[in-house]
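This report concerns only the one structure given below.
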Amino acid sequence: QVVGGKVKKPGKRGRKPAKIDLKAKLERSRQSARECRARKKLRYQYLEELVSSRERAICALREELEMYKQWCMAMDQGKIPSEIKALLTGEEQGKAQQNSTKLAKAGKTETNSSNP
């Protein structure tokens, strides 16, 4: 075939005739829409859960901030909150335990090195 000065070869290029059943096409379209709606619903659920978890985290941080503010106000008045005392004594006890274990380990290594 010659079209517009060019030789056309019969092949598979170009638009195919509409042999697709219209009912099948509509059904595929409906199925695609259902899947799209399901994906959208899942995405919104995920986002809502994310927002609620972030809101809970914000509330917890606000409570913690308020607690620190109260501690600071108490210390400005010359009072040491019991929580801070517990933290300090806990740290001191932890340091004392660390030092005692270091000393015990150092003593063991000295006794091991002195015994050939």
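Screening VAL7 on (1) at pLDDT below 95; (2) of a type outside the set (Phe, Trp, Tyr); (3) surrounded by 10 or more Cβ atoms within 10 Å (Cβ to Cβ) shows it passes everything except condition (3).
Please give the number of the condition ASP76 fails out of (1) open to solvent by 90 Å² or more (accessible area, probe 1.4 Å); (2) at pLDDT below 85; (3) more than 33 Å from the chain's Cα centre (by Cα). With (1) open to solvent by 90 Å² or more (accessible area, probe 1.4 Å); (2) at pLDDT below 85; (3) more than 33 Å from the chain's Cα centre (by Cα) applied to ASP76, the lone miss is (2).
Here the condition is being surrounded by 10 or more Cβ atoms within 10 Å (Cβ to Cβ), out of contact with any helix residue (DSSP H, G or I) (no Cβ under 6 Å at 6 or more places or on another chain) and at pLDDT 95 or above; of GLU48, GLU91, it holds for GLU48 alone.
The values are calculated or read from the model by the stated rules, or taken from the named source; none is laboratory data. Computed from a prediction, not measured in an experiment: that's the story for all the values here. FYI the Cβ positions are ideal-geometry reconstructions off the backbone, even for glycines, and counts take in every protein chain you see. Calculation scope for accessible area: heavy atoms of the full protein, side chains included, ligands and nucleic acids excluded. Shrake-Rupley method; radii C 1.70, N 1.55, O 1.52, S 1.80 Å.
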